[in-house]
1. Go over the candidates B:Ile158, B:Ile84 one by one and state the one that is more than 9 Å from every other protein chain (Cβ to nearest Cβ) and at negative phi.
2. So which residues in the stretch A:137-170 are out of contact with any Ser or Thr (no Cβ under 7 Å at 6 or more places or on another chain), open to solvent by less than 30 Å² (accessible area, probe 1.4 Å) and within 20 Å of A:Phe249 (Cα to Cα)?
3. So, in the stretch B:152-177, how many residues would count as being in a helix (DSSP H, G or I) and either out of contact with any Ser or Thr (no Cβ under 9 Å at 6 or more places or on another chain) or open to solvent by 10 Å² or more (accessible area, probe 1.4 Å) (or both)?
4. If I ask for residues that are closer than 21 Å to B:Ala172 by Cα, touching a residue at least 24 places away in the same chain (Cβ under 8 Å) and assigned to a helix (DSSP H, G or I), which ones from the stretch B:117-150 would you list?
5. If you go through the stretch A:25-48 one residue at a time, do you hit one that is among the β-branched types (Val, Ile, Thr), open to solvent by less than 60 Å² (accessible area, probe 1.4 Å) and at pLDDT below 95?
6. So, in the stretch B:64-86, exactly how many residues are part of a loop (DSSP other than H, G, I, E, B) and open to solvent by 60 Å² or more (accessible area, probe 1.4 Å)?
7. If you take the residues in the stretch B:87-99 that are at the interface with another protein chain (Cβ under 8 Å from one of its Cβ atoms) and open to solvent by less than 40 Å² (accessible area, probe 1.4 Å), which one is farthest from the chain's Cα centre (by Cα)?
8. Would you please name the residue that is nearest to B:Asp187 (Cα to Cα), looking only at residues in the stretch B:117-133 that are surrounded by 17 or more Cβ atoms within 10 Å (Cβ to Cβ) and within 8 Å of another protein chain (Cβ to nearest Cβ)?
Amino acid sequence: MTAEVRTDRPAHGGLRAWLLAETVTSPAQARAQKLYLGWRRFASNPLALIGLGIVVTLILLAIFAPLVATHDPFAQSLDRRLLPPSGAHWLGTDELGRDIWSRIAYGARITLMIVLLVALIAAPLGLLIGTVAGYLGGWVDVALMRLVDVFLSFPGLILALAFVAALGSGLENAIIAIALTAWPPIARLARAETLTVRRADYIAAVRLAGASDLRIIVRHIMPICIPSVIIRITLNMAGIILTAAGLGFLGLGAQPPSPEWGAMLSTGRAYMLGSWWLAAMPGIAILVVSLGFNLLGDALRDVLDPRAS
Amino acid sequence: MSAPVISVRDLRVSFGRGASLIHAVDGVSFEVAEGEVFGLVGESGCGKSTILRAISGLNTEWTGSATIAGRPVAHRRDPAMARIVQMVFQDPYGSLHPKHTVETALMEPIRIHGLDNGARRIDRVLTEVGLSPAFRYRYPHQLSGGQRQRVAIARALILEPRVLLLDEPTSALDVSVQAEILNLLSDIKRMENLTYVLVSHDFGVIAHMCDRVAVMNHGVMLEELTIEDLMRGRMRHDYTRELYEASAGYSRRLETRADEADAAA
């Protein structure tokens, strides 16, 4: 073995050459190369691109809702109620004459907000609790994991219902309730991942270097767990959307006249036989977005999984 | 011989409880002088690696006493010890963090101890282990086994310790790379005036590197002998002789390799 670096790739220009260069000259380049190689793996999977497309569409729909909506989502006109899909109302109108397409576009904002807030609360909380329990072990582990067991022993929707009942109905409380039910599986996953690496030599090496437990957990254990947590939370997004829709359906989440998809589905149910589009359109939206997150999660697993190098 | 850098008295480590209690190390004592290379040899499971983990402070569950560079080894984590004793692990595929570049791995001890001139220290230590600074931004999966082990050695050296504990540093490597790493360790020892404790099951490695060797079996140190005595077959225990002869065929090949690599260098 020689210590020299192979420079068989010419150094002359181009972003691609820089991204694939053998000789890496900066930390930014090292990170960019890693991202680029991951992206190439991701992009080679058509289902991944479909999933990503759906999620990006959801995000764009939420951002540009005022532009893509053809009507005011709250404007009622009783003379145009229960109209089937047509040129004027792409997805028809509901029982109060509101345009369903416009409501779904604005509803994307609510769905996206729920998903993002739940992910932002549940993922860091689960990651922290799981890694601390797994790394410290002993009574800390026992206490934290029994807490997780308590949360896991209830079905998610039932627990969310209980929280909403305690906190009062409304979108914010629904988000908090869902986040409280979403963190335990992540904590358990992070703990399992931590247990597999805590005895690794590279953790022993940094302990020998004199690092504190906090530093080891945050800088050395968490980076190992983050990919699987991202995968898990992405795959959980579908469940989170369904739980939110379920709470909306039961009247415990977003309140009328807010265009939340679950609430729309719930009111549409009464008109199911005569006007199928009231329930079908928000239902399809929920289905497509859940599918998109699932496809994206599967694809991220292929890219990020540390075991498949 | 000057005052010992490492002094271990009646070290005992046991795992488990009750009926499943195992005395992994059962009353071991030894001393290592400054600049010496002390070998620990024995079959796998004889407790040689356990000794390293105890005196390095990785395992705090032991009894007896140990001092390194005049400083008693504490029974709890002691960050100050990091600048006195460091360790190189057996498997270079498991001893580097898969998500950290070489630079991150080397910068971490510098950050922990708040040392200055991080970039210069990294350049110096990479040169010392024979890696060009271009390796700084590589991830472990972009390195060969030998290169990884060089990075692991660089990481152990970056805090400028006085003692290096080497836990089978070459047994996970190709034979040709083994000789290179052993020669590198010898060179570094000479340059930095380090003291080594080298654990191995391979008499070839021990004979190439060590001044003195202790033979272990079932957690007990059977005998301590100089390399001179070992080569001339002046061992007191039959176990030592068996172990030595079992690995002799292999070691002759390795020695020839090492000498060739020396001649080439």
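The values are calculated or read from the model by the stated rules, or taken from the named source; none is laboratory data. It should be emphasised that the depicted structure is a prediction, and the values quoted were computed from it without experimental measurement. Cβ sites come from the backbone with ideal geometry, for glycine too, and all protein chains shown count toward neighbours. Areas reflect the complete protein model, heavy atoms only, side chains present, ligands, DNA and RNA absent. Shrake-Rupley method; radii C 1.70, N 1.55, O 1.52, S 1.80 Å.
1. B:Ile84
2. A:Val164, A:Gly168, A:Gly170, listed by residue number.
3. Residues flagged as in a helix (DSSP H, G or I) and either out of contact with any Ser or Thr (no Cβ under 9 Å at 6 or more places or on another chain) or open to solvent by 10 Å² or more (accessible area, probe 1.4 Å) (or both) within the stretch B:152-177 amount to 8.
4. B:Pro140, B:His141, B:Gly145, B:Gly146, B:Arg148, B:Gln149, B:Arg150
5. Here is the first cut: in the stretch A:25-48, the residues among the β-branched types (Val, Ile, Thr) are A:25.
Those still in the list that are open to solvent by less than 60 Å² (accessible area, probe 1.4 Å) too: none.
No, the conditions are met nowhere in the stretch A:25-48.
6. 4
7. B:His97
8. Within the stretch B:117-133, the match that is nearest to B:Asp187 (Cα to Cα) is B:Gly130.
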